[in-house]
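Taking it in order: structure first as structure tokens, then the write-up.
The values are calculated or read from the model by the stated rules, or taken from the named source; none is laboratory data. Only a predicted model underlies this, so the values are computations on that prediction, with no experimental measurement involved. Positions of Cβ are backbone-derived with ideal geometry, glycine not excepted, and every protein chain shown enters the neighbour counts. Just the protein is used for accessible areas: all its heavy atoms, side chains included, with ligands, DNA and RNA removed. Shrake-Rupley method; radii C 1.70, N 1.55, O 1.52, S 1.80 Å.
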Amino acid sequence: MSKNQTHLDDLARSGLSAEDAKLLKIQFLPPEKTYALIGKNIESYKIPYFDLNRKPTAFYRVRFLNNPNTGFAITAKKQRKYSQPKNSSPHIYFPPFVNWSQIAQSASTELYIVEGEKKAARLCKEGLPTLGLGGVYSFSNKKQGQFLIPDFDLIKLEKRRVNIVFDSDIDTNEDVLRASILLAKRLVDRGAEPYIIKLIRKPNGDATHKIGVDDFLELYGIAAFKKIKPEIFIEYEALYTFNLTWALILDTASFYSAQTKALYSKHQFQILSADIKHIDINTGSPTLTSKAWLEWSHKKKYSGVDYCPGELIVTKNNCINLWRPANIKPKKSKQSKLKLFHKLVDTIVSDCPEHKTFLLQALGYPIKYPGTKLAFCIVVSGRNEGTGKSLLGLIIAAQYGRNGREVSHEMVFGSDFNPWAMSQFCVADELVGVGYEKKREANRLKNYITSKEIYINEKGKAGFYIKNSINIYATSNEPNALHAETTNRRLFVLTTNAVPMDPSEGGALYDWFTCKEGIAELNYYFTKQLSYDKFNPNARPPVTQAMLDMVEISRNDFETFVLDLEADPDLVYKEIWGQAAQCPDLLTSADIKNLFYSRHNIIQRGNIDTTLGLALSKTNIKRRHCRARRLYIIKNREKWLRESISALLKYYDSSKNIKTAQKTTNNGLKLIV
């Protein structure tokens, strides 16, 4: 493709030909010429502006050409597509397809206003006089205090019909909706009669693929455009304004409030909006705005709600994204305190300094790559208070702005309400393990770590599911605050036995790394300096000594017993029956239960089948069904897995005599066989 052809291909997507480009005096710019004009080293084309007599003015804008398919880079973050001379004021684009000197003074001629020069040119080419704005808010100039820029003074607006035709995302894009309402009000102030024309979306199922009027004309033609029924702004102003506050959520039949960022049932919605009324233009009577809005075909609607870090306000599935960026700009600081931050981290990993790099990578990776869900939870324990366990978590939470939270043990494990889970980073502070509850809590924590979706249940609000984006950093003063098993792949556990920090030093650290400059400095470290080489957020974290200790503390007596039996069955037998005892290869569950009773000198024996069976299932001790018996292979596993059932039964029956002879050494406790 010729470089000089690239801009023509972009224009062609808007229905503008090479001949149109000549009329519009559009000029292709190689990177060096773009740089000379606006300081960007990129291919582009220059769009000159015109006066009412179709003569070029000194003002122009530049359209970037990053991507040969779309004209700009495709990323989750919206990219800038246009630029103009630095410190220049906005102007109206008058495409030289029509006689603007006559149209400007003829109030009987209907006008159209669009965002973008190409769209304005395309409509003018179709014979519809259209004003082009560089952006949806480019009708005004805040710096100059201009509600409408001076170019509007060139046009007779009083009693003129003006159609505002912004892109199809006016229903879901709050900026576009606000801009259209504000522009309409400014036009009303000038005596104009503004109408709003709403374009239908591109029928591809992707809500992010909005269309402009040029796209619409390419898809459906000018005849279809002229059939769209405009809405007079005066009549629908209250409903458009209501769209700024409320939206209907289709999948839950609930209502989203832009003010509270929460969902409400229909009953709650009616109560909250009961005082909002407007004058019906047809009857002249006060009308409940919410009722009229529900009946209105252009009310704001979303398929659902979600929480998707790094994505736009409206997701590809037409869900309202409840996540909002922290707007942190990474920046080096002249008053760098990174050494103090590393000193804090060194304190946390004082018992295992070899894991410092992994800890930093685990903390920083989701900051560098928003939306990353770690496959594990970070747990830091230590009996000493004031060692910086919670401080580190709070410093990291500040990197997420409103998306970082601190929660208590009760909030995580003791309540059915969990609005805190709608976040990117959570500091679960001061976890306290309580007996049998630890297993239940471990399962609940596992759900927050591994589930793809989370159900958000906020008191007094409608519940909903969102994408699980939360990463948890937990602290505790107790080494057994969480239940952990040998097979656990979801915990990265650290223990610090360091001396408590000086309170003034800790306070200074917190104040710095939670202030704007300190947050920017740490963000720079995590996003620009720290290497994430070989770090995999989905992999199992390193198994630390603290993790092994937590696993051991978490075991109950049954689990400890069967693990000992698996590791050295002869040693277990010797402990119970004496030095001459040897464990047979095969045991029944009754044999194993009685071994457990004997080892712990338990005389009153309850039903422990389920508990013991669960403990055995967590080991590599294999079980074979031999007719009415279940035999556990304690020794010589490979041999007995190959042997026939009759061979197993023959061996087991012959081994009973050995066990009977050994029972007299059990201090009076008898082994049942």
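A residue that is closer than 30 Å to Cys319 by Cβ, out of contact with any Lys or Arg (no Cβ under 9 Å at 6 or more places or on another chain) and surrounded by 16 or more Cβ atoms within 10 Å (Cβ to Cβ) occurs nowhere in segment 143-159.
Residues of segment 537-565 that are part of a helix (DSSP H, G or I) and open to solvent by less than 50 Å² (accessible area, probe 1.4 Å): Ala546, Met547, Met550, Val551, Ser554, Phe558, Glu559, Phe561, Val562, Leu563, Leu565. Counting the residues of segment 569-610 that are in contact with a Lys or Arg (Cβ under 9 Å, 6 or more places away or on another chain), open to solvent by 50 Å² or more (accessible area, probe 1.4 Å) and over 19 Å from Asp653 (Cα atoms) gives 4. Checked against the criteria, Thr289 does not count as hydroxyl-bearing (Ser, Thr, Tyr) and open to solvent by 30 Å² or more (accessible area, probe 1.4 Å).
Which of the residues that make up segment 268-326 are over 30 Å from the mean Cα position of the chain (by Cα) and part of a loop (DSSP other than H, G, I, E, B)? Correct list: Ala274, Asp275, Ile276, Asp280, Ile281, Asn282, Thr283, Gly284, Ser285, Trp296, Ser297. Here Arg54 meets each of (1) open to solvent by less than 40 Å² (accessible area, probe 1.4 Å); (2) assigned to a loop (DSSP other than H, G, I, E, B) with one exception, condition (1).
Restricting segment 470-489 to residues that are touching a Lys or Arg at 6+ places or on another chain (Cβ under 6 Å) and at pLDDT 85 or above, which is least open to solvent (accessible area, probe 1.4 Å)? Ranking the qualifying residues of segment 470-489, first place goes to Thr475. Return a yes/no flag: does segment 303-314 have any residue that is open to solvent by less than 50 Å² (accessible area, probe 1.4 Å) and closer than 22 Å to Lys528 by Cα. Checked against the condition, which is being open to solvent by less than 50 Å² (accessible area, probe 1.4 Å) and closer than 22 Å to Lys528 by Cα, segment 303-314 yields at least one hit. Within segment 616-624, does at least one residue satisfy the condition of being among the polar types (S, T, N, Q) and surrounded by 14 or more Cβ atoms within 10 Å (Cβ to Cβ)? Within segment 616-624, one or more residues are among the polar types (S, T, N, Q) and surrounded by 14 or more Cβ atoms within 10 Å (Cβ to Cβ).
In summary, Ile602 fulfils each of the numbered conditions (1) touching a Ser or Thr at 6+ places or on another chain (Cβ under 9 Å); (2) modelled with pLDDT under 85 with the single exception of condition (1). Candidates are the residues of segment 342-377 that are open to solvent by less than 10 Å² (accessible area, probe 1.4 Å) and of a type outside the set (A, V, I, L, M, F, W, C); the one that is nearest to the chain's Cα centre (by Cα) is Pro366.
When Leu157, Leu177, Leu182, Leu219 are checked against the criterion of being assigned to a helix (DSSP H, G or I) and over 33 Å from the mean Cα position of the chain (by Cα), a single residue qualifies: Leu219. Where residues in segment 100-126 are assigned to a loop (DSSP other than H, G, I, E, B) and open to solvent by less than 50 Å² (accessible area, probe 1.4 Å), which of them is nearest to Ile42 (Cα to Cα)? Checking each candidate, the answer is Gly116.
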